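Structure first, commentary second.
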Amino acid sequence: METINKPTITNQTEFKVLNHYYKIVDYEVNKWAEDCSLFKNEEEKIHSQNQHLNKFASRLYPNANLNELLPISKLIMVLFLADDRADRLQGAERVGSWKNMLSEFEFGLVRENVFCWDSLLSDFSMINHSSNIASIALAGKNICEMVRNFIKAGIWESENLLESSPPLPADYLKKLKHSSGAEIAIHYLTFIQSNKIDPATLYSPELKQLRKTLLLLICLSNDLASFRKEENTGDFHNLVLLYEIHFKLTRIESIAKVTEKLKLLKEDYLSLQNQLINNPGICIEKKNSICDSFNNLLLGCEIWAKEDTGRYE
């Protein structure tokens, strides 16, 4: 096996948006995956590395420190692997795979090639020790709930495929925040102390519409990037494909419809950011930090999808 030298911190002059701990995180996450026998086989390991899954979090959270970025990167790798493993299965076997994963999540089963959910999620309580636990409970949001919803969305999608029943676009959009992992990606912002975004702030009435718009921007941008991949694997869970199926649109018309929806969302997003900046009830430092964090998330998703990964080809 090739020996990998542990990297050091590098600057990011050659990158657009990339956390300067990326190379260290990439090394540590790959070592962790090897040590806990995460990959089923060498093919899955090579496929994961070729898709640059460890670079995703470093694009989205360029200001995270090493202790924050490591557990985020580990969980992101596991969520991607969960999707990929399901994609290789068909019919009832695919449904069963997601249901087994839910059991493993709920009961904390530990064996080779099974995701160690308890260990993964406990890392977040350690990096988020300074957050107000009461505010997390008040917001009704936590990372465990979101991962559970991600797995349940996988079950929902696999059952739709088993029954050859494409969901209506409106129903698909309701589930998309869970199935895409975008809800989790946005929630991660609360674990990065320099963002100055605690859960109570992220889920406050003042940020509700901006947060929902950001979530849709991430999801629909991803749908535009990935519809060919879904089509090639026989998966209709993509807004471009669902518009074709239910509205009898051509491919060009469907792409144009999603593109127009994205354009309007971007306009709403900028308008909502302006409203936030002009809100006198929030200090200017926090407002700027929120806008910067949201913008980094959007830009990081775009760069990773277009320049880093071959996942959607």
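The values are calculated or read from the model by the stated rules, or taken from the named source; none is laboratory data. All values reported here derive from a predicted model rather than from experimental measurement. Please note: Cβ atoms are built from the backbone with ideal geometry, for glycine as well, and neighbour counts cover all protein chains shown. We work out accessible area using only protein heavy atoms, side chains counted, and drop any ligands, DNA or RNA first. Shrake-Rupley method; radii C 1.70, N 1.55, O 1.52, S 1.80 Å.
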- Message: Out of the total accessible area of segment 246-296 (probe 1.4 Å, heavy atoms of protein only), what percent is carbon and sulfur?
- Response: 56
- Quote the charge dipole size of segment 150-190 about the Cα centre in Debye, to the nearest 20; the model charges only the Cβ of Lys and Arg (+1) and of Asp and Glu (-1). 160
- Query: How big is Rg to Rh over segment 183-313, alpha-carbon atoms, Rh as the Kirkwood inverse-mean-distance radius?
  - Reply: 1.03
- For segment 227-283, what ratio Rg/Rh do Cα atoms give with a Kirkwood hydrodynamic radius? 1.26
- Among N54, Y21, F294 - extreme Cα towards positive end, dipole of the chain, charges at beta-carbon: F294
- Starting from the Cα of K286, draw a straight line to each of the lysines and keep only those under 17 Å, dropping any in the same chain fewer than 8 residues away. K196, K208
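Roughly how many debye, to the nearest 20, is the charge dipole of the chain about its Cα centre, given +1 on each Lys and Arg Cβ, -1 on each Asp and Glu Cβ, and no other charges? Could the numbers behind the result be given before it?
Working: 36 positive and 42 negative charges, 156 e Å.
Here the size comes out at about 760 debye.
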- Could you sort out which of K45/K174; K55/K257; K229/K266; K99/K174 sit more than 27 Å apart by Cα distance in this structure? K45/K174; K55/K257
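Enter the mean projected area of the convex hull around the alpha-carbon atoms of the chain, in nm², rounded to one decimal.
Values: hull surface 66.8 nm².
Average projection, Cα convex hull of the chain: 16.7 nm².
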- Query: In square angstrom, what is the accessible area per residue of the chain with a 1.4 angstrom probe?
  - Reply: 49
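Quick one: length gained pulling Q209 to Q275 fully straight, 0.36 nm per residue minus the C-alpha distance? Numbers along the way, then the final one.
Values: separation 66, 0.36 × 66 = 23.76 nm, distance 1.09 nm.
22.7 nm is the gain from fully extending Q209 to Q275.
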- Message: How many angstrom lie between the Cα centre of segment 169-195 and the Cα centre of segment 65-103?
- Response: 15
